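The structure appears right after this line, and notes come after that.
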Amino acid sequence: MFDLRFLDEIREAELEKVVPRLPAGGAILEIGGGNGAQARSLERRGFQVTSVDLASSLYSSLRVFPVLDYDGTHLPFPDQTFDAVFSSNVLEHVSDPAPLHAEMRRVLRPGGRGVHVMPSSSWRFFSSLTYYWVLLPKAYRRVAGIPAGPNDLPARSSNQGLLALAGTHILPPRHGEEGSSFGELFRFRAATWVRHFRKHGMKVVSVEPTGIFNTGEMALGSRWPIVSRRKAAPFLGSAGIIYEVRFDR
């Protein structure tokens, strides 16, 4: 089941591999800041952090850091303002990435870098499996009239039965903006994202797994501690991959 607090723990653990790739004490722009937990953590580590996200973000009412609203494309900052741009599980949600990449280039200082954490094919595969783990319990609660919670299926009609609800959700939904959950097995490969960055005028400096196993359905949540998830990652696959890129000037 989805657990925001445990997700924050996972994102905090990911930062252990992200931070060495950021310029010490530098001005960092976080794109897609969510509830601001990672921005707050980076600020505590000595970075000068500015975070932006959509006003419609699901996390807008849960912010723990002053995340600024923006339109998803135009970054409201002067040219050459930041030393690095950071994002975590964001770019797969951008339907037209070219303008946003151009904006990143504009606001970065010469020699600036991008550090982007992206979901992996392994994450997609196991997220599809664990989707079925929680599908029927969600449908049952819906049909039984149990009050909806943040993890429940959206209501489609007042008279849908259990089989109808299950039928309309028989396939895992896609995570990103394009294709299907099956297609994301290929779209989330490291080679695909390397080609994406190069296409948009970036040199890929490094590609490294985050070294943490996790799924979209938060399988076992905090009952499966992060230390054990690190041990599982070499066998089951890392949920995320870190791409460090630099724009060709």
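The values are calculated or read from the model by the stated rules, or taken from the named source; none is laboratory data. Bear in mind that the values here come from a model prediction, so they are computed numbers and not experimental data. Ideal geometry is used to build each Cβ from the backbone, glycine not excepted, and the neighbour counts take in all protein chains shown.
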_I'd like to verify a number: residues in the stretch 63-89 that are surrounded by fewer than 20 Cβ atoms within 10 Å (Cβ to Cβ), under 12 Å from residue 32 (Cα atoms) and among the aliphatic types (A, V, I, L, M), how many?_
1
*Could you please find all residues in the stretch 108-119 being surrounded by fewer than 20 Cβ atoms within 10 Å (Cβ to Cβ) and in contact with a strand residue (DSSP E or B) (Cβ under 9 Å, 6 or more places away or on another chain)?*
109, 111
*Look through the stretch 214-245, keep the residues that are free of Cβ contacts under 8 Å to residues at least 40 places away in the same chain and assigned to a loop (DSSP other than H, G, I, E, B), and return whichever of them is surrounded by the most Cβ atoms within 10 Å (Cβ to Cβ).*
220
*Pick from the stretch 1-45, criterion among the basic types (Lys, Arg) and touching a helix residue (DSSP H, G or I) at 6+ places or on another chain (Cβ under 9 Å), ranking: surrounded by the fewest Cβ atoms within 10 Å (Cβ to Cβ)*: 5
*Quick one: what pairs do we get from the stretch 169-190, first residue over 17 Å from residue 238 (Cβ atoms) and touching a residue at least 60 places away in the same chain (Cβ under 8 Å), second β-branched (Val, Ile, Thr) and assigned to a loop (DSSP other than H, G, I, E, B), C-beta under 9 Å, 6+ apart or different chains?*
176/94; 177/94
*Of the conditions (1) surrounded by 17 or more Cβ atoms within 10 Å (Cβ to Cβ); (2) within 30 Å of residue 171 (Cα to Cα); (3) among the small types (Gly, Ala, Ser), residue 60 fails just one. Which one is it?*
(1)
*Would you confirm whether any residue within the stretch 6-27 is over 14 Å from residue 66 (Cβ atoms), in a strand (DSSP E or B), at pLDDT 95 or above and not charged (D, E, K, R)?*
yes
